[in-house]
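Data first, discussion second: the structure below is written as C-alpha cells.
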Amino acid sequence: MMIIKKMIFILLVLVSGNQLVAQKYFTKKGEVSFFSHAPMEDIKAVSNTGSSVLDAANGKLQWAVLIKSFAFTKALMQEHFNENYMESTQFPKAKFTGTIDNMTAIDLKKDGEYNAQVSGVLEIHGKEKKIATNAKFLVAKGKIIATSVFKVYLADYGIEIPSVVKDKIAKEVEISIKSNYELLDKM
Amino acid sequence: MYNKEVDKVADLKTDQKVEAKTLLTEFESDELAANKLYLDKTIEVSGMVTKVEENEGITSVYLASEEGLSAVICQMEEAVNVAVGSEIVVKGVCSGYLMDVIMVRCIIL
C-alpha cells in the first residue's frame, strides 16, 4: 500500500512536471474552532491539526479534521462532545470537499487580500450536506493564510440534543477555519 | 466535578507502546482496525524526529516521515527542544489518521 502510494506520487510528479505540482498548496496544521452560545454556558473548542489541500490550478479544495483532536478545557464537556453528540469513535472525521468558485480571481503568488466563494459538501457525524460560504485569502511575503467563518445547524448533521438539556444547548454552532498554506513542493 | 479540567497526559496510564513506523503502517494499511486499537488511547510512540515545527505558539514534532508523504505528527503540550534526527519517545493521545497519524496533548518521555 505504502509502496503503491509512493509510486503514484512519484509518477504524478514525473508526468505533471513541476508546473502542476507547484500549483498545489497544503497545510497539516489547520485550525478549526467552534463556538456555541447557550444560556447555561458557552461551548468552545479548538483543533490545530486539520489537513487541507488546495489546487490553485482548478480551485479544488479539501479539508479534514479529526473530531478527537478538539481540545476543551473541561473534561466532561470533551467527553460529552465526543460520546453523546459527535459519536467520534464511529465518525472520527469531519470533511469538506469542494471548490473555490472564483479561483481565477485569486493569485496566491501575489501579495494581497482576496475574497473567495467556497462551495461543496461538508460531512460531519457521517452526514453530508451541501454548503456555500465565503473565505478570505491573505497573501503576504509568500505566506498564505485562508480564513472562513460559517454556521452549521446540528440538526442538518443528525446530531441530537438530549431533551433534558435541549434548552441549554444552542442549535447552531459557529465554525472558524484558519489555514496557513504552503507550497506542496516544499515538503 | 463538572469543572474538572482535562487530564494531563503525564497522569494517564499508557494503553499501548508502538514504534512510529509501525503505527503509520498500521493506519495506512487498515485504518478501521488501527482506529480500534489506537483511537483515543494514550500511547507511547518511539521514533526518529524528522521535523520540528512552530505555528502560532504550538510545537509539532514529526516522527518517521516518509519522504514528505506522511508522518506521525505529535502536537506538543508545550514548547520542546529536540533535534531533528534524534530518537525519542512521545506520550500522547491518538486522535486518528488524516494524511498523517495525529497525536495530541503530547509530552516527551
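Taken together, the values in this text are just the output of simple stated rules run on the coordinates, not laboratory data. Quick caveat, the model's predicted, so the values are computed rather than measured. Glycine also receives a Cβ, built like all others from the backbone with ideal geometry; neighbour counts cover every protein chain displayed.
Send over the semi-axes of chain B's equivalent ellipsoid, whole angstrom and largest first, taken as the square roots of 5 times the C-alpha gyration tensor eigenvalues.
They are 20, 18, 12 Å, listed from largest to smallest.
How tilted is helix A:2-21 with respect to the longest principal axis of chain A? Cα atoms for both, answer in degrees (0 to 90, nearest 10).
Value to nearest ten degrees: 60.
Give the dimensionless ratio obtained when the Cα radius of gyration of segment A:15-126 is divided by 2.2 N^0.38 Å.
Its radius of gyration relative to the 2.2 N^0.38 Å reference: 1.29.
Taking the Cβ of A:ALA94 as the centre, find all other residues whose Cβ is under 13 Å away and add up their charges (Lys, Arg: +1; Asp, Glu: -1).
+1
Mind jotting down the three principal axis lengths of segment B:4-64 based on Cα atoms? Whole angstrom, largest first.
Sorted largest first, the three principal extents are 33, 32, 17 Å.
Count the net charge of all other residues whose Cβ sits under 14 Å from the Cβ of B:LYS4, scoring Lys and Arg as +1 and Asp and Glu as -1.
-2
Name the residue from A:PRO92, A:GLN78, A:SER119 whose Cα lies farthest towards the positive end of the charge dipole of segment A:77-178, charges +1 on Cβ of Lys and Arg and -1 on Cβ of Asp and Glu.
Value computed over the given set: A:SER119.
Relative contact order for segment A:19-151: what percent, with Cα pairs under 8 Å and sequence separation of 6 or more?
Over segment A:19-151, the number comes to 16 percent.
Per q in 0.10, 0.13 Å⁻¹, report the Debye log10 I(q)/I(0) for the protein assembly as shown, using one uniform scatterer on each alpha carbon and no solvent.
Here log10 of I(q) over I(0) equals -0.57, -0.97.
Which residue fluctuates most in the GNM of chain A (Cα springs below 10 Å): A:LYS110, A:LYS95, A:LYS60?
A:LYS110
Tell me the Rg and the Dmax, in Å, that the Cα atoms of segment A:42-187 produce.
Both quantities, over Cα of segment A:42-187: 16.6, 53 Å.
Based on DSSP H runs of at least 4 residues, each adding -39500 (n - 2.57), what is the mean residue ellipticity at 222 nm of the protein assembly as shown after dividing by all its residues, to the nearest 500 deg cm²/dmol?
-4500 deg cm²/dmol
Quick one: check the C-alpha center-to-center distance for segment B:1-38 versus segment A:132-187, whole angstrom.
Centre-to-centre (Cα) distance: 25 Å.
Which value, in debye to the nearest 20, gives the size of the charge dipole of chain A about its Cα centre, when Lys and Arg are +1 and Asp and Glu are -1 at the Cβ?
For this selection, approximately 560 debye.
Magnitude of the Cβ-charge dipole of segment A:51-160, K/R +1 and D/E -1, about the Cα centre, nearest 20 debye?
Once rounded to the nearest 20, the dipole reads 320 debye.
What average count of beta carbons from other chains do you get within 10 Å of the Cβ of residues in A:91-101?
1
Please average, across the residues of B:93-106, the number of beta carbons from any other chain that are within 10 Å of each residue's own beta carbon, and give a whole number.
6
For segment A:99-169, what is the relative contact order in percent, using Cα pairs closer than 8 Å and at least 6 residues apart in sequence?
26
May I ask for the net charge around A:LYS130, where only other residues with Cβ less than 12 Å from the Cβ of A:LYS130 are counted and Lys, Arg are +1 while Asp, Glu are -1?
Summing Lys and Arg as +1 and Asp and Glu as -1 gives -1.
Could you put A:HIS37, A:HIS125 in order, starting from the residue whose Cβ has the fewest other Cβ atoms within 10 Å?
Exposure proxy ranking, most exposed first: A:HIS37, A:HIS125.
Size of the dipole of segment B:12-109 about the Cα centre, Lys and Arg at +1 and Asp and Glu at -1 on the beta carbon, nothing else charged, in debye to 20?
That gives a dipole near 340 debye.
Within 10 Å of each Cβ in peptide B:40-47, how many partner chain Cβ atoms are there on average? Round it to a whole number, please.
1
For chain B, set up a GNM with springs between Cα atoms under 10 Å and report which of B:GLY92, B:GLY57, B:GLY47 has the largest fluctuation.
B:GLY57
With springs connecting C-alpha atoms under 10 Å apart, model chain B as a Gaussian network and identify which of B:LYS51, B:LYS41, B:LYS13 has the largest mean-square fluctuation.
The residue with the greatest mean-square fluctuation here is B:LYS13.
Need the list of aspartates and glutamates near A:LYS171 for cross-linking: C-alpha distance under 12 angstrom, and skip anything on the same chain fewer than eight residues off.
Result set, ordered by chain and number: A:ASP156, A:GLU160.
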